[in-house]
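Heads up, the thing below is written out as structure tokens.
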Amino acid sequence: MSGEERLDVAVVGAGIFGMSLAIFLRDDDEARSLKVFEAAPRPGGTLGSTRRNGYVWEHGANGFLDNVPHTKDLAIRLGLEDRLQPAAEAARHRYLLRHGTLHPLPTSPPAFFSSRLLSLKGRLRVALEPLRSYRPVPDDQSVAHFARRHLGQEAADVLIDAMVSGIFGGDPERLSLPSAFPKMAALEREHGSLVRGMIRKKKEARRSRAEASGGPAGPGGRSHSFPSGLQELVDAAANHLGERLVVDTDVLSAELAEGGWRLRLEGAPDVIATELALCVPPHRAKEILAGDRELASLLEEIPAASIAVVGLGFERRRVAHPLDGFGFLRPWKEPGRILGCLFPGTCFPEHAPSDRVSLRVMTGGRRDPAAVSLSDDELLRVVLDDLRSLLGIEGDPEEIEIRRWPRGIPQYELGHEKRLARLDTLLETRPGLALGGNGYRGIGLNDCVRGARELADRLGRRSREA
């Protein structure tokens with residue numbers, strides 16, 4: 001076709017995975033011709049921030065943990081080392097809603113046994129976990145099934161359910177343990193006991209002076225952001241890519257063609273790329289690859305949860321709770337509709353004016369998909385109805401920031417590992433095609449940057465061997 005453009009690599013999707021991949025590919029081989037195509041008018045996907053009236057509102061992730069180096073190293077690569085901002089010490093504290101009251105999440109065995117999060121019977125059931133024997137389980141099991149076997153029904157309903165809501169907005173009865181929480185699956189596989197395994201890991205972490213990997217009481221490591229939020233990371237990545245980043249350009253379809261993959265773009269000439277990395281959600285990759293029915297059908301099997309995020313800014317005097325922590329989560333069986341609430345101004349004091357507080361509330365998820373369709377007024381009412389008594393809120397917020405993410409969080413449900421294996425098999429017969437993003441092997445920010453580095457290495461090897 002006349003006017004078509006030829007590239008060594010085309011990356012579709014300028015979320016953090018796609019931009020990180022392009023950065024690694026460019027830095028590894030500057031002679032490689034490469035472009036990143038993004039349908040939206042701005043890069044970043046769900047990642048980004050809005051600053052208004054002294055508040056910083058994150059669009060998606062609230063920060064990233066330093067217990068693994070991936071995102072921190074990317075920030076340093078992009079010249080942001082002096083802008084890195086660790087969360088305040090108070091952010092190590094977390095709360096859980098139980099019986100209508102916010103309880104601190106215990107971080108030690110004595111604190112756990114004195115906590116009222118679980119009944120005495122429930123606490124004893126957890127304490128006996130290392131002494132019980134467990135039958136081998138199939139390769140796949142739900143998070144809920146794992147939790148009931150190891151910790152008992154009450155702990156599964158309270159501790160594990162809240163953790164799943166906070167990370168995936170998901171349903172623990174549907175989520176696959178080895179796919180969603182591979183470290184927990186490894187603890188069972190290697191140690192037989194979740195508690196024994198966690199104790200062993202903590203001892204190893206202390207010996208190596210590293211942070212533990214975390215668990216139901218909260219993730220390991222310390223959260224980091226930037227003074228103006230994660231938008232700084234997005235902007236730095238976009239600046240690094242320069243003209244290689246093309247926004248406001250939708251990729252309508254991709255199909256095998258002579259010399260690589262032909263991309264049909266909306267309002268622009270076709271692109272022929274030797275290698276194509278689709279770094280978009282599985283449902284979007286399915287649409288682009290609609291002509292490949294076998295691959296598109298398999299991508300359709302990966303569901304996603306819709307999330308609505310409501311940011312609220314108040315005068316400090318209007319909120320009675322000290323907000324002395326990262327935030328709180330709500331187990332599904334507790335009354336209410338929100339999934340949880342973060343305290344961004346506590347974590348990163350520069351993200352709210354000194355005489356103000358900020359709250360960031362999540363609602364929706366796999367078990368409440370209708371929440372994302374509520375009007376702004378309805379969402380605000382749902383959120384304030386749940387928060388007023390819990391946090392002692394008087395009056396209405398002075399700042400409101402509402403974002404909806406339809407199909408925003410991929411769900412690694414039962415059978416996910418087998419789906420990935422089938423995808424890998426199909427990709428072997430589609431030379432030059434790769435899939436990336438948080439729909440496959442890790443939904444977090446660190447997971448995406450790590451996955452981008454690994455994919456860049458694979459594409460580099462493939463290019464050298466060609």
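The values are calculated or read from the model by the stated rules, or taken from the named source; none is laboratory data. Everything quoted here is computed from the prediction, not taken from an experiment. Note that we place each Cβ from the backbone using ideal geometry, even for glycine, and neighbour counts take in every protein chain shown. Calculation scope for accessible area: heavy atoms of the full protein, side chains included, ligands and nucleic acids excluded. Shrake-Rupley method; radii C 1.70, N 1.55, O 1.52, S 1.80 Å.
What number, rounded to the nearest 500 deg cm²/dmol, is the helix-based mean residue ellipticity at 222 nm of the chain, given -39500 (n - 2.57) per DSSP H run of at least four residues and division by all its residues?
On the way: 16 runs with 160 residues, N = 466.
Dividing the helical sum by the residues of the chain leaves -10000 deg cm²/dmol.
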Exercise for review: In whole Å, largest first, what are the principal axis extents of the Cα atoms in the chain?
Suggested key: 72, 56, 44
Point to revise | Arg42 - accessible surface, heavy atoms, 1.4 Å probe, Å² rounded to 10 | key: 80 Å²
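Could you compute how fast region 73-112 diffuses translationally, taking Rh as the Kirkwood radius over C-alpha pairs and applying Stokes-Einstein at 25 °C with viscosity 0.890 mPa s? Give it in µm² per second.
Value of D from the Cα-based Kirkwood radius: 186 µm²/s.
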**Study point:** Nearest-10 value in Å² for the accessible area of Glu417, using the 1.4 Å probe
**Key:** 90 Å²
**Study point:** Using alpha carbons only: equivalent-ellipsoid semi-axes of region 1-40, gyration tensor based, whole Å
**Key:** 19, 15, 5
Check your understanding: Under a plain spin-label model, where a point goes 7 Å from the Cα along Cα-to-Cβ, how far apart in nm are Ser108 and Arg51?
Key -> 4.0 nm
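Starting from the Cα-Cα distance between Val137 and Asp27, subtract it from 0.36 nm times their residue separation and give me the gain in nm to one decimal.
Gain in length upon complete extension: 35.2 nm.
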Exercise for review: Determine how large the accessible area of Phe112 is when every protein chain is in place; take a 1.4 Å probe and give Å² rounded to the nearest 10.
Suggested key: 40 Å²
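With a Förster radius of 35 Å, plug the Cβ-Cβ distance of Glu4 and Thr425 into 1/(1 + (r/R0)^6) and report the FRET value to the nearest 0.05. Let's see the in-between values first.
Values: r = 31 Å, r/R0 = 0.88.
Calculated transfer efficiency: 0.70.
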Study note, to complete from the structure: For the pair Arg453 and Glu89, the simple spin-label estimate (label points 7 Å beyond Cα toward Cβ) gives in nm 3.0 nm
Study note, to complete from the structure: Between Gly311 and residues 5 or more places away or on another chain, the pairs with built amide H atoms under 5 Å apart involve Val361, Glu401, Ile402, Arg403
Review point. Which value in nm describes the separation of the simple spin-label points at Ile76 and Asp385, placed 7 Å from the Cα toward the beta carbon?
Key: 4.9 nm
Check your understanding: Using r as the Cβ-Cβ distance of Glu315 and Arg337, and R0 as 22 Å, what FRET efficiency do you calculate, to the nearest 0.05?
Key -> 0.30
Check your understanding: Looking only at Cα atoms, what is the convex hull volume of region 220-354 per residue, in Å³?
Key -> 209 Å³
Practice item. Just the ratio, please: alpha-carbon radius of gyration of region 280-401 over 2.2 N^0.38 Å, N its number of residues. Key: 1.33
Practice item. Express in nm, to one decimal, how much length is gained between Leu252 and Glu378 on full extension, taking 0.36 nm for each residue of separation and deducting their alpha carbon distance. Key: 41.9 nm
Check your understanding: What list of whole percents do you get for P(r) of region 1-89, with Cα-Cα distances grouped in 10 Å bins up to the one holding the largest distance?
Key -> 13, 37, 33, 13, 4, 1
